[in-house]
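Read through the structure below, which is laid out as structure tokens, and then see the notes.
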Amino acid sequence: MIAEVIINRSSKKLNRIFDYNIPNDIKDLIVIGSKVLVPFGNTKTLEEAYVVGIKENSDYKDKIKDIAKLEENLTDKQIDLAKWMSKRYFCNVSDCIKLMLTPGTRTKNKENRIQDKTINCVYLKKDIEEINFDIDIGKIKSEKHKRVLKFLKENEGCTISEIEGFTDCSRAIVNTLVKNGYLEIIEKKIQRNPLINKNVEKTENLKLNEEQEIAFNKILNSIKENIYREYLLYGVTGSGKTEIYLQLINKVLELKKTAIVLVPEISLTPQMIDRFIARFGKEKIAVLHSKLSIGERHDEWNKIKENKAKIVIGARSAIFAPIQNIGIIIIDEEHDSSYKSESNPKYDAKEVARKISKENMCPLVLGSATPDLNTYYNAQQGNIELLKLTKRANESKLPDVSIIDLKQELANGNRSMLSNSLYSLIEKNLKNKKQTILFLNRRGFSTFIMCRNCGYTVKCKNCNISLTYHRFENKLKCHYCGYEENIVKTCPECHSDKIRYFGTGTQKLEEEVHKQFPNAKTIRMDIDTVSKKNSHEDILNKFKNEGIDILIGTQMIVKGHHFPNVTLVGVMAADSSLNIDDYRANERTFQILTQVAGRAGRESSDGKVIIQTYNPDNFAIKCAKKQDYNLFYQTEIELRRQLKYPPFCDIILINFNSLNEKEIIDTSNLVYEYLNENLKKEKFRVFKPMPSPIDKIQNKFRWRIIIKGNMTEEANEILNNCLKEIYNKNLKYTRVSVDVNPNNMM
């Protein structure tokens with residue numbers, strides 16, 4: 001028998017099938033989806049490869065080599081999904097397969113692979129049962145031996161260290177009893193369980209209101225009838241979407257099926273997990289996200305594989321969990337950009353979920369208070385069933401939102417980061433023992449450093465981007481490559497000492513709040529404060545339970561969180577997301593403002609939101625003030641229609657990066673010529689190659705080609721062929737990638 005394999009290499013030239021002979025000793029074990037080790041080329045070490053096909057004979061006959069070892073098996077469905085993703089996202093099949101392998105087994109270095117964690121446990125031997133424990137314990141005369149045997153009669157399965165602690169007997173005593181046949185030591189697998197310290201009070205189903213009941217019943221019918229259907233659960237913030245998820249999953253479990261729940265941010269995962277544990281208990285749930293240790297992810301993956309977990313909760317990559325018999329897939333906060341991968345393979349988790357739902361004949365539920373414009377457009381066209389929740393579940397009112405014109409604040413002599421209105425409301429909240437959230441989507445202290453004498457701006461030596469000042473570390477840092485350097489006191493160009501720090505980040509805001517409210521307890525949540533394991537959960541728990549007055553943070557604080565005592569939200573710079581080079585700038589501004597506003601007044605107390613901006617007349621900001629998604633959608637969709645942007649076409653971004661400037665220019669021109677010749681000009685508009693807005697990152701030049709048109713099978717084939725042509729030219733320094741409807745146009 002012959003196995004067709006894909007070698008686990010990133011080279012585009014190796015994204016093809018190689019034939020290997022299947023040895024007799026593993027012939028019955030090898031299946032499509034097996035991960036194997038094979039001799040490849042002239043290398044002395046074995047290469048990882050994946051079996052994607054099995055056949056009787058090979059055209060190469062005597063030239064083919066034997067598979068050396070079988071490592072792990074995937075399913076036919078997983079291999080088919082990897083092949084589909086490879087074509088859809090312009091990457092190697094092996095890159096896609098790696099997403100589906102058990103975490104900790106993806107490295108070629110055996111020493112670095114994660115192994116199952118085991119522990120030695122001590123048991124009485126079965127033939128020891130005839131010993132009379134009450135009289136003499138047979139022939140045993142040593143009191144210590146008797147003490148250990150009596151202890152183990154009541155406590156079988158203890159570790160040696162536990163025996164030592166409870167009986168005051170040494171390890172040598174245990175070893176002697178093992179040697180004489182009285183005891184045996186058995187190695188047991190133990191699970192690294194990220195939920196082990198979770199103790200959440202059990203909750204029961206809440207009574208659904210009329211709108212929730214309608215949405216619940218429609219989705220439930222699809223579950224019962226085993227029908228694939230896609231639903232958009234569009235509900236205002238606090239409308240009880242999660243309660244619908246919980247009750248649907250309860251029905252799925254009753255039908256002996258399983259569920260996948262995706263959340264966009266790691267910071268959302270702890271709160272979502274708590275609600276699920278409270279309803280279903282810890283044993284049925286597996287958690288997958290990047291803040292778990294590799295060992296924890298390894299064990300959670302195996303828990304799913306062994307069918308012990310019925311509910312998988314996690315970030316984007318949890319969609320590849322090896323769960324069987326799926327009854328529902330839920331994507332919460334479906335509008336969030338993190339569901340689209342920006343690294344290879346550049347997959348969209350919503351598209352992958354759609355494919356998996358179709359295969360499993362189960363509903364796909366997309367939930368959001370601010371749906372992605374493409375999703376809502378598809379719902380309007382009837383491609384997705386729209387389910388609306390217009391009221392907050394606990395009858396609490398939507399917050400009152402005010403817009404503050406920062407130009408007017410400056411004219412009135414207020415140069416503080418806090419407008420007069422926001423200052424007064426924070427002061428009132430502190431007196432009333434209520435909590436406040438201050439949102440600023442820029443971390444660090446100052447966002448750029450400039451010489452006021454000559455205009456020199458301090459930039460990263462690896463990237464063409466300004467360095468950000470981080471005051472607590474007293475360093476200048478690049479948020480793209482991680483480069484850092486000491487602060488600049490004199491200008492390296494003109495040697496002037498007129499160095500000034502401009503822009504504002506969360507560190508500066510925190511300092512300002514401390515100055516104006518010295519007695520207030522504050523906590524900050526951004527990338528700099530959540531680097532340690534469980535730090536997301538620790539910060540959120542402190543804010544909720546330890547009397548913290550003010551939470552300051554970036555966008556990780558705005559989505560999905562439920563803080564009953566928060567009655568005030570301040571948005572420090574609503575314009576920041578408007579000033580990006582992206583056709584979705586208005587959409588992202590509306591979404592983030594609506595989401596952050598939704599954190600206020602979620603219980604009995606009324607909520608208040610202050611939006612500070614230099615652009616009070618921008619329609620996205622005005623719509624966010626009214627919490628009016630429909631008005632925003634109608635305005636934005638007309639702009640998109642006129643400018644021919646998604647959903648009326650696809651944006652295809654071809655990225656080039658290279659250490660050699662001449663090679664990147666030549667390569668981008670070759671690609672442009674190929675596409676101009678092969679793509680139909682009446683259906684596609686191919687823009688000439690240009691340097692990217694950030695034209696250098698990590699010492700690599702960056703160019704791009706933008707294409708507008710509707711992605712079809714034919715266009716996909718042309719783009720894949722173009723990549724093959726380019727890589728056949730043996731590029732020395734340049735890499736090319738294709739991204740359809742990318743999140744980041746920079």
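Computed from the coordinates by the stated procedures, all read-outs in this text should not be read as laboratory data. Note that the structure is predicted; figures quoted are calculated from it, not measured. Using ideal geometry, Cβ is built from the backbone for each residue, glycine included, and neighbour counts are taken over all protein chains shown.
Data overview
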| quantity | calculated |
| --- | --- |
| For peptides 491-504, 229-242, sequence by mean Cβ density within 10 Å, most packed first | 229-242, 491-504 |
| Restricting the stretch 666-706 to GluC sites (Glu not before Pro) in coil, as DSSP defines it, with at most 13 other Cβ within 10 Å | Glu682 |
| Descending Cα extents along the principal axes, the stretch 633-729, whole Å | 45, 29, 17 |
| Computed over the chain: relative contact order in percent, which uses C-alpha pairs under 8 Å that are six or more apart | 10 percent |
| Packing-based ranking, highest mean first, of 584-593, 22-31, 283-292 given that Cβ atoms within 10 Å are counted | 584-593, 283-292, 22-31 |
| 37 °C / 0.692 mPa s Stokes-Einstein diffusion coefficient of the stretch 2-101, Kirkwood radius on C-alpha pairs, µm²/s | 242 µm²/s |
| Extension gain from Asp62 to Lys724, taking 0.36 nm per residue of separation minus the Cα-Cα distance | 235.4 nm |
| Mean projected area in nm² (Cα convex hull; one quarter of hull surface) for the chain | 42.1 nm² |
| Protection-proxy order for peptides 69-78, 51-60, 507-516, each taking the mean of Cβ atoms within 10 Å per residue, highest first | 507-516, 69-78, 51-60 |
| Cβ-based net charge around Ile499, under 13 Å, with every Lys or Arg adding one and every Asp or Glu removing one | +2 |
| Helical contribution to [θ] at 222 nm, DSSP H n ≥ 4, -39,500 (n - 2.57), averaged over the chain, rounded to 500 | -9500 deg cm²/dmol |
| Net charge of neighbours whose Cβ lies under 14 Å from the Cβ of Glu351, counting Lys and Arg as +1 and Asp and Glu as -1 | +2 |
| The stretch 210-389, Cα convex hull volume normalised per residue, Å³ | 113 Å³ |
| Gyration tensor over alpha-carbon atoms, the stretch 278-363, equivalent ellipsoid semi-axes in Å | 20, 17, 12 |
| Local electrostatic count, Thr613, Cβ distance below 12 Å [Lys/Arg +1, Asp/Glu -1] | -1 |
